[in-house]
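Before any comments, here is the structure.
Bear in mind that the values in this text are calculations on the coordinates, not laboratory data. As the structure is a computational prediction, the values presented were derived from the model and not from experiment. All Cβ positions, even for glycine, are placed from backbone atoms using ideal geometry, and neighbour counts span all protein chains on display.
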Amino acid sequence: SSTIGDPGSSNISEPFLLVADWDGEIILQVNITSGSTTTLPLGDVGQPRTLDYDPLTDYVYWSDDWNNKIHRARRDGSGRETILDITVSNSVLGLALDHAGGDIYWTDYNGQTISVAKMDGSSTRTLLTSPAVSGPRHLVLDPRNGLMYWADWVNDRIVRAAMDGSNPTTIITGVSYLTAVTIDYREDRLYYSDDDRMYSSDLLGKDIQQLLYESGKYVQGIAVDENYVYWTSRWYDSSWQGKVGMLSKSDLTKTVLVEGLAWPWGICLSTAAPPGVTTVIPTSPTTTNVKTSTAPVTTPYHCPRGITTPVTTPTTAEGITTPVTSPTTAEGITTPVTTPTTAEGITTPVTTPTTAEGITTPVTTLLQG
């Protein structure tokens with residue numbers, strides 16, 4: 001029988017990590033306390049590059065470089081299906097679920113596009129193309145503000161746009177080896193990689209702080225919860241090696257959770273969904289069902305990127321004011337609607353730089369060596 005956190009269990013209130021080992025051709029579930037791992041019985045996953053997870057349906061979504069597809073399956077291997085065929089090989093380096101909207105977003109590195117579809121792969125549409133997008137890698141969503149952020153490998157920058165693709169704006173430049181980007185929703189901070197270093201900033205790309213430096217160990221993916229930052233990295237030491245690390249946010253203490261991996265890339269942290277969040281259950285394109293989670297809340301951090309219970313008054317965190325209107329319902333999805341009041345989609349008392357070149361935020365180094 002299944003226990004809490006085990007593949008196939010319906011009780012997923014105990015947080016766990018999911019890690020895509022690209023060269024190892026496996027997807028791992030990692031216990032964030034003990035570091036013990038389970039290879040999910042998903043069949044042939046190809047070469048999994050990036051992934052995300054829906055805790056309300058227990059579906060894992062991943063990109064498969066070998067077969068140029070995006071698949072999904074429950075953690076016990078049931079319900080497996082291919083939802084998208086990708087025309088350019090080895091291209092989907094970023095993937096993120098919009099749980100409230102019932103959508104999946106992905107980046108196409110070689111095709112230089114960012115696209116969206118329903119979670120079952122239907123209603124595909126391209127949101128952004130070159131030159132707005134050049135070599136996009138990891139992608140993260142902020143549904144609270146109707147925004148998405150992605151790593152632009154070619155132009156060494158992090159770009160933000162509305163989730164419909166409008167108003168793309170460069171917020172951080174000069175990042176030489178940019179692969180990973182994610183959001184700490186409680187503290188309203190971005191986390192991103194630059195070669196063998198990890199940084200954080202506010203959501204405008206200001207107040208940049210260095211959190212991690214491990215010489216020669218290239219950071220591939222990042223996930224964040226209330227107390228820790230988790231990351232995947234790879235390096236060469238007589239042979240290629242990979243690991244999953246854990247960094248304390250309070251004192252920057254580093255811990256190795258998993259070692260001996262081949263090439264870990266995508267990483268995702270999952271907890272129980274907050275109660276009252278309505279989401280679309282993945283079904284066939286001709287059928288739509290709706291389910292409301294009643295799972296207990298264990299932490300406001302979870303793979304559902306930034307889903308929050310509807311509120312009726314504006315909330316402020318880290319200087320960013322989010323105007324909120326009355327909840328609306330569309331296609332059976334109940335979610336608060338955010339009305340952007342600036343071109344960048346964020347109302348803030350801080351003056352936003354008008355050009356990428358005008359960003360001169362000093363970097364605060366928290367950890368060296």
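Over the stretch 43-133, the alpha carbon radius of gyration divided by the compact-protein estimate 2.2 N^0.38 Å works out to 1.02. Short-range pairs are left out: with C-alpha atoms under 8 Å and at least six residues apart, the relative contact order of the stretch 16-269 is 14 percent.
The aspartates and glutamates within cross-link reach of Lys254, meaning a Cα-to-Cα straight distance under 16 Å and a gap of 8 or more places when in the same chain, are Asp196, Glu214, Asp225, Glu226. Taking the Cβ of Tyr218 as the centre, find all other residues whose Cβ is under 12 Å away and add up their charges (Lys, Arg: +1; Asp, Glu: -1). Counting the neighbours of Tyr218, the net charge comes to 0.
For the stretch 108-227, list log₁₀ I(q)/I(0) at each q in 0.12, 0.15, 0.22, 0.23 Å⁻¹, using the Debye formula over Cα point scatterers of equal strength and ignoring solvent, two decimals each. Treating every Cα as an identical point scatterer, log10 I(q)/I(0) equals -0.42, -0.65, -1.31, -1.40. Positive contributions from Lys and Arg (+1) and negative ones from Asp and Glu (-1), summed over other residues with Cβ under 10 Å from the Cβ of Asn67, come out at -3.
Stokes-Einstein diffusion for the stretch 86-167 at 4 °C, viscosity 1.567 mPa s, with a Kirkwood radius from C-alpha pairs, works out to 105 µm²/s.
Treating each Cα of the stretch 127-194 as one equal point scatterer and applying the Debye formula with no solvent, the log10 of I(q)/I(0) at q = 0.14, 0.20 Å⁻¹ comes out as -0.36, -0.74. Give the lysines reachable from Lys69 as a straight Cα distance under 25 Å; neighbours fewer than 8 places away on the same chain don't count. Cα-Cα hits under 25 Å: Lys118. Looking at the stretch 172-275, none of the GluC sites (Glu not before Pro) sits in a DSSP loop with at most 10 other Cβ atoms within 10 Å of its own Cβ. Using bins of 5 Å that start at zero, the share of Cα-Cα pairs per bin across the stretch 16-269 amounts to 1, 6, 15, 20, 21, 18, 12, 5, 1, 0, in whole %.
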